[in-house]
Amino acid sequence: MQRWRGFEAAPGGWGRSVVTIGVFDGVHRGHQATIGHAVKRARDLGVQSVVVTFDPHPAEVVRPGSHPAVLTEPARKAELIEALGVDVLCVVPFTPEFSRVPAEGFVHDILVEHLHAALVVVGQNFRFGHKAAGTVALLEQLGRTFGFGVEDAPLVSDNGTVFSSTYIRACVDAGDVVAAAAALGRPHRVEGVVVRGDQRGRELGFPTANLLTHRHAAVPADGVYAAWLVRGGAHGSRLPAAVSIGTNPTFSGRERRVEAYVLDFEGDLYGERLGLDFVAHLREQRRYEGIEPLVAQITEDVVRTRETLGEPAE
């Protein structure tokens, strides 16, 4: 898959293409259906498929301070999009100037002049241009003017729930990682670099990897979770882990942390960039009166993590 920074990166002599446009945070099942439809139609027409997305999130530019929790960081999002068979990922820098481009200018400058769209595939609720004034109906009208077709991909739902990034963020925020995984089509992942913590887990006999996450990362609600720790990116290995999220109330902590006890692992993870794929919420955070009941609870958490992940007992 080619990766372009800005639509101006389209090479000279670029032919026709099938284009789909969106933030695609999470690359959830709805996004997968839209992108998959664009890829199929591009193959039908014998042209290239292009996914246009934006960085940073448009909400942060249009309404500073409103940046939503991020379900997939840029590198992860690119990996997931590439896995869908896309030919080109075009990341458009979303600047204040770009946010003021009218809907007609958006279509002319990006879809017509640079990407030479033969067909544009969008979700039914797609909006574009300054103040989100552009609708699917306007896109169809402009398509007739400029010579490209428009197809909308149906929304994907289950039992009446439409899968959307907003819905998945709400699931993650509530700690319902099972519902989030159902909408994503895979476990929700949080990424970060392992940094040094208080070393308290080591003293208790359960050394943890303390993940420093992005400030906008969609971190699940406080609690203890069964998860897979992923090393080495898309083609790396995974290890079972019991993950604690919260402020360590037994020790009157103030800083919210993501700490993973990696089962049956000996070694040093400091400085590594890792991912945590959340499988199940095991319990809420609690304050314990002393070390012994805390250690007993952690021991039980490890047993439940093994059972949940299907890992053999020690």
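The values are calculated or read from the model by the stated rules, or taken from the named source; none is laboratory data. Values in this document were obtained by computation on a predicted structure and should not be read as measured data. Counting neighbours? That spans all protein chains shown, and the Cβs are built from the backbone with ideal geometry, glycine included.
Going by what's in this entry, would GLY36 be described as assigned to a helix (DSSP H, G or I), surrounded by 15 or more Cβ atoms within 10 Å (Cβ to Cβ), free of Cβ contacts under 8 Å to residues at least 60 places away in the same chain and of a type in the set (Gly, Ala, Ser)? When the stated conditions are applied, GLY36 passes them.
For the criterion of being out of contact with any strand residue (DSSP E or B) (no Cβ under 6 Å at 6 or more places or on another chain), aliphatic (A, V, I, L, M), surrounded by 17 or more Cβ atoms within 10 Å (Cβ to Cβ) and assigned to a loop (DSSP other than H, G, I, E, B), VAL27 passes.
Which of the residues belonging to segment 1-22 are part of a loop (DSSP other than H, G, I, E, B) and surrounded by fewer than 18 Cβ atoms within 10 Å (Cβ to Cβ)? Listed by number, the residues that qualify are MET1, GLY6, PRO11, GLY12, GLY13, TRP14, GLY15, ARG16. Take GLY129 and tell me if it is buried (at least 18 other Cβ atoms within 10 Å of the Cβ) and farther than 29 Å from ALA180 by Cβ. Taking the combined requirement at face value, the residue satisfies it.
Restricted to segment 141-194, and to residues there that are of a type in the set (Gly, Ala, Ser) and part of a helix (DSSP H, G or I), the residue that is farthest from the chain's Cα centre (by Cα) is GLY143.
From the list LEU119, LEU80, LEU142, the one residue that fits, being of a type in the set (A, V, I, L, M) and under 29 Å from GLU191 (Cβ atoms), is LEU80. Restricting ASP158, ASP152 to residues that are charged (D, E, K, R), at pLDDT below 90, in contact with a helix residue (DSSP H, G or I) (Cβ under 9 Å, 6 or more places away or on another chain) and within 28 Å of THR95 (Cα to Cα) narrows the list to ASP152. Listed by position, the strands (runs of 3 or more DSSP E) contained in segment 236-314 that have at least 1 residues being modelled with pLDDT under 90, out of contact with any Lys or Arg (no Cβ under 7 Å at 6 or more places or on another chain) and on the phi > 0 side of the Ramachandran plot form an empty set.
A residue that is modelled with pLDDT under 90 and touching a strand residue (DSSP E or B) at 6+ places or on another chain (Cβ under 8 Å) occurs nowhere in segment 181-192. Across segment 73-109, what is the total count of residues that are in a strand (DSSP E or B) and touching a Pro at 6+ places or on another chain (Cβ under 8 Å)? Residues flagged as in a strand (DSSP E or B) and touching a Pro at 6+ places or on another chain (Cβ under 8 Å) within segment 73-109 amount to 1. Can we say HIS108 is in contact with a strand residue (DSSP E or B) (Cβ under 8 Å, 6 or more places away or on another chain), surrounded by 15 or more Cβ atoms within 10 Å (Cβ to Cβ) and either at pLDDT 95 or above or at negative phi (or both)? For HIS108, the condition - in contact with a strand residue (DSSP E or B) (Cβ under 8 Å, 6 or more places away or on another chain), surrounded by 15 or more Cβ atoms within 10 Å (Cβ to Cβ) and either at pLDDT 95 or above or at negative phi (or both) - is not met. If the Cβ limit is 7 Å and pairs must be 6+ apart or interchain, which residue in segment 180-191 that is closer than 14 Å to THR161 by Cα pairs with which residue that is aliphatic (A, V, I, L, M) and at pLDDT 95 or above? Final answer for the pair search is ALA180/ILE168; ALA180/VAL172; ALA183/ILE168; LEU184/ILE168. On the stretch given as segment 57-78, residues that are modelled with pLDDT of 95 or more and surrounded by fewer than 16 Cβ atoms within 10 Å (Cβ to Cβ) total 0. Of the residues making up segment 262-299, those that are of a type in the set (Phe, Trp, Tyr), over 23 Å from the mean Cα position of the chain (by Cα) and surrounded by 16 or more Cβ atoms within 10 Å (Cβ to Cβ) number 0.
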